[in-house]
Structure formats: C-alpha cells, structure tokens
Amino acid sequence: MARSMLIITRQSPWSGLTAREALDIVLAGGAFELPLGLLFLDDGVFQLAPGQQATHLQQKDLTANLQALPMFGVDSLFVAKRSLDERGLDGTALSLPVEVLDDAALGALINRYDHVITL
C-alpha cells in the first residue's frame, strides 16, 4: 500500500525556486497516484492569491501548475487560516478551492499523513 505524503509549502511564489519545487514534488507524486495533500502555510498562501503578475518580477507564473493539480489527482488542498489572516487574504477569494484550517485542524491534518515534507 502506498504511503501518504503531505507537502507543506511555506514560500511565496516570488521568493525563489522553493514554491515551484514543492509543486513539482506534488505533481510527480500525483502522476504516480500517491495519496497526497498540499498545505499552504505562512507566505506559501501567497501562491493562492488571484491575479499575480509574475512577469513583473521576472519569475515564472505558478498558476498553470496549481490549476493542474486536480488533473494529477491532487484534490487534498489545505490552507492555514492564521496565515491567510496575518497576510490579509480572503479564504473565499483564492485561485483554487482549498480547505481552510484553524490551528487545531492543522495538527490533526499533519498527524493523518505518513510522511511530511516542508519546503
């Protein structure tokens, strides 16, 4: 039986390659039909902000990769409510449908997975 894995992405989409690397791991795991979850935490929630203009920062836009997650069987998408609140983002106006979790639910989520990778 496949072991489940939770990827926690904590970096903004414009802070370097880490956000893209987290998405690459998730997409690769999804292609192999691994039980996966993706949690957007801290500045990682900025990956979900709509209307990003990555070209102004000479970065590649992650929107297409994020939109491809369901096609790869990655439907377990989560975001930390505290991270959204601290950054002034509205959980109902994000670029992907995600489950918004409070601090208690975050702990339970992490405990559900066999492996946790934080990037």
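The values are calculated or read from the model by the stated rules, or taken from the named source; none is laboratory data. In this text, all values refer to a predicted model and were calculated from it rather than measured experimentally. Only protein heavy atoms, including side chains, enter the accessible area calculation; ligands, DNA and RNA are left aside. Shrake-Rupley method; radii C 1.70, N 1.55, O 1.52, S 1.80 Å.
The equivalent ellipsoid that matches the C-alpha gyration tensor of the chain spans semi-axes of 21, 18, 12 angstrom, in descending order.
What part of the accessible area of the chain, given as a whole %, is carbon or sulfur when the probe is 1.4 angstrom? Can you show the working numbers first?
Numbers: 3510 of 6570 Å².
The C+S portion of the solvent-accessible surface of the chain is 53 percent.
Using the heavy atoms of the protein chains and a 1.4 angstrom probe, tell me the accessible area per residue for the chain in square angstrom.
Numbers: 6570 Å² over 119 residues.
Accessible area per residue: 55 Å².
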